[in-house]
1. Looking only at the range 91-121, count how many residues are in contact with an Asp or Glu (Cβ under 8 Å, 6 or more places away or on another chain) and at pLDDT 90 or above.
2. Going residue by residue through the range 66-78, is there one that turns out to be under 24 Å from Lys191 (Cβ atoms) and within 16 Å of the ligand (Cβ to nearest atom)?
3. I'd like to check which strands (runs of 3 or more DSSP E) are fully inside the range 148-267 and have at least 1 residues that are free of Cβ contacts under 8 Å to residues at least 12 places away in the same chain and in contact with a Leu (Cβ under 7 Å, 6 or more places away or on another chain).
4. For residues that are free of Cβ contacts under 8 Å to residues at least 60 places away in the same chain and closer than 26 Å to Glu246 by Cα, scanning just the range 24-46, find the one that is surrounded by the fewest Cβ atoms within 10 Å (Cβ to Cβ).
5. Can you give me the ranges of the strands (runs of 3 or more DSSP E) entirely in the range 8-59 with at least 1 residues that are near the ligand (Cβ under 9 Å from one of its atoms) and either β-branched (Val, Ile, Thr) or on the phi > 0 side of the Ramachandran plot (or both)?
Amino acid sequence: MTEETEISSGLITTQGLTFAYTEEPVLRDVSLNIQAGEFTGVIGPNGSGKSTLLKLIGGILPVSPNTVFFKNHELGHYKKRDLAISIAWIPQEKQMAFSFKVIDIVLMGRHPYLSPLSFEGKNDYQIAADAMRQTQVLQFAQRNFNEISGGEKQRVMIASAISQNPEVMLLDEPTSALDIKYQMEILNILKQLNEQENKTIVLAMHDLHLASKFCKRLILLKEGSVFCEGSPEEVLKKEILEEVYEVKVKIFQDDADGSLLVVPGHS
Ligand code: ADP
């Protein structure tokens, strides 16, 4: 790493992060701290900047100097390979079109560990098989990725991320295309990775009830800015959601686990 500004904070920090694809910024002055071991949901209306934020903190999009930090060092100062070992980014399901076998996708998680021109060894196959067992996709190992269902694709991508053994997993709407069984399955896998392996999880999510059920902390974006952040109880409030989503809502609490259900269309 070269000389750089250091910042004392969380595992991932953004500081006055502004980003534009063209001229108009789609993220404005975003300052956040994500601590190691957190399970954080990024919520907000369509186009509020959730995907863009994940891509920036995952090193997928280029960041300006002094705006994004990982372990107190500027993201831009990390070697691509070091970053790939530490942070896994899983795109939205609709962006997953890979004409490879499932096993090859999972083995891609091992690539940052391989030296140039070398091939995966027995240990890499073992790690990939364990990851596929964990997400229950081992039976699809030889299938073409493009020929499995949306839920299976998500599980394969998570297996690939597990075999990468990152500290942080960033997932862009991992459940939005799935039925409720697969939604629960994916979120329970992530919960397990968070609780048992201390992985830091950051998810962009649409479903506010699932966000409240699984995330310990929520970041609510509106038009590219952080509108508020805090626990699900602090963020999922009637007046906040009505202002951000521009729709009347009613909020119920599930007696079983205290999670919040946001129902639109009530005056
Ligand atoms: P969200 O994930 O909350 O739906 P996005 O981060 O995808 O929001 O998008 C934020 C804004 O950036 C939107 O206005 C979107 O149209 C725009 N945007 C996203 N990707 C691109 C791109 N590749 N080029 C230009 N504009 C983009």
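1. Residues in the range 91-121 being in contact with an Asp or Glu (Cβ under 8 Å, 6 or more places away or on another chain) and at pLDDT 90 or above: 2 in total.
2. So far as the range 66-78 goes, no, none of its residues is under 24 Å from Lys191 (Cβ atoms) and within 16 Å of the ligand (Cβ to nearest atom).
3. Counting at least 1 such residues, we get 249-253.
4. Keep residues of the range 24-46 that are free of Cβ contacts under 8 Å to residues at least 60 places away in the same chain, which gives 24, 33, 46.
Subset that is closer than 26 Å to Glu246 by Cα: 24, 46.
Numbers: Glu24: 8, Asn46: 6.
The qualifying residue surrounded by the fewest Cβ atoms within 10 Å (Cβ to Cβ) is Asn46.
5. Numbers: elements: 12-19, 27-34, 39-43.
In the range 8-59, the matching strands (runs of 3 or more DSSP E) lie at 39-43.
The values are calculated or read from the model by the stated rules, or taken from the named source; none is laboratory data. Values in this document were obtained by computation on a predicted structure and should not be read as measured data. Using ideal geometry, Cβ is built from the backbone for each residue, glycine included, and neighbour counts are taken over all protein chains shown.
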